Amino acid sequence: MENTVKILVTQALDERDLLAKKINDKIQAAVLADVAKRNEENVYNRRISREEFRKEAESAYQQIVDLIDRYNRLEAAIVESNANTYIETSYGRFSVAGAITLRNRMRGDMKYGGFADFETTLLIKLKKSYHDCIDTMERKNKSLSETAEEMRLSILGRESKTKDDKPLEVVETYIRENTMELADPLDIVKKMEALTERKDKLLNELETQIKVSNATTFITI
């Protein structure tokens, strides 16, 4: 029966990352085929006998296969552990696998890139909607104020700006009825603050809890 050993998930992750580099380095360095003249014992590039080259190539190939097998077993154990280990956050209970997926999505590290970071995309939309409306409101109200001033001058004459005259009520009514105001049923500023706070808090909690879980959970290899 094959020997097994218990290691922490953090150790498994570190070993897995090292293995990935080692496997690729060995694949690149391996000489797995050569050529030789029919009347010569040595292979052309390695300059060693055919038998020595056979042993060398078989050994190199077997080392790579064994390392890949080790990597696969580590990866399978990590995945199984992540699926069956749970963490608690102020926003609910997650499996480590689910927490990692959620964290990566919120960081834009998924296959869709930042396109799947829905919270940030929504936040950008809220900010743009708010500032665009504020800009439009201020521009329109400034134009309204200028028009109202021209109306006052037209009613009272350019040399007289008495504001108590009855005709000025028409101008005030015009201003009152045409002033732009923000239509903000969501209370956008508060929504932006809440969304930002929730995302930052959840990301910090997920990151912390994932690290704690990995540093305290054992897997069997």
*asked:* Suppose we keep only residues that are touching a strand residue (DSSP E or B) at 6+ places or on another chain (Cβ under 6 Å) and not in a helix (DSSP H, G or I) within region 162-220. Which one would you say is farthest from LEU74 (Cα to Cα)?
replied: PHE218
*asked:* Anything in region 50-94 that is open to solvent by 60 Å² or more (accessible area, probe 1.4 Å) and either β-branched (Val, Ile, Thr) or touching a His at 6+ places or on another chain (Cβ under 8 Å) (or both)? List them, or say none.
replied: ILE68, VAL79
*Consider LYS142 carefully, then state whether it is under 30 Å from ILE87 (Cβ atoms) and not aliphatic (A, V, I, L, M).*
no
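The rows are residues; the columns are (1) small (Gly, Ala, Ser); (2) at pLDDT 85 or above; (3) open to solvent by less than 100 Å² (accessible area, probe 1.4 Å).
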residue: ALA148; (1), (2), (3): yes, yes, yes
residue: MET151; (1), (2), (3): no, yes, yes
residue: SER154; (1), (2), (3): yes, yes, yes
residue: LYS161; (1), (2), (3): no, no, no
residue: LYS166; (1), (2), (3): no, no, no
residue: TYR174; (1), (2), (3): no, yes, yes
residue: THR179; (1), (2), (3): no, yes, yes
residue: ALA183; (1), (2), (3): yes, yes, yes
_Exactly one condition in (1) open to solvent by less than 50 Å² (accessible area, probe 1.4 Å); (2) touching a residue at least 12 places away in the same chain (Cβ under 8 Å) is false for THR4; which is it?_
(1)
*Members of region 116-138 found to be exposed (fewer than 15 other Cβ atoms within 10 Å of the Cβ), within 20 Å of the chain's Cα centre (by Cα) and of a type in the set (A, V, I, L, M, F, W, C), listed by number*: PHE118, LEU122, ILE124
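The values are calculated or read from the model by the stated rules, or taken from the named source; none is laboratory data. Just so we're clear, the structure is a prediction, and the values are computed from it rather than from any experiment. Cβ atoms come from the backbone with ideal geometry, glycine included; neighbour counts cover every protein chain shown. Note: areas computed on protein heavy atoms with side chains; ligands, DNA, RNA excluded. Shrake-Rupley method; radii C 1.70, N 1.55, O 1.52, S 1.80 Å.
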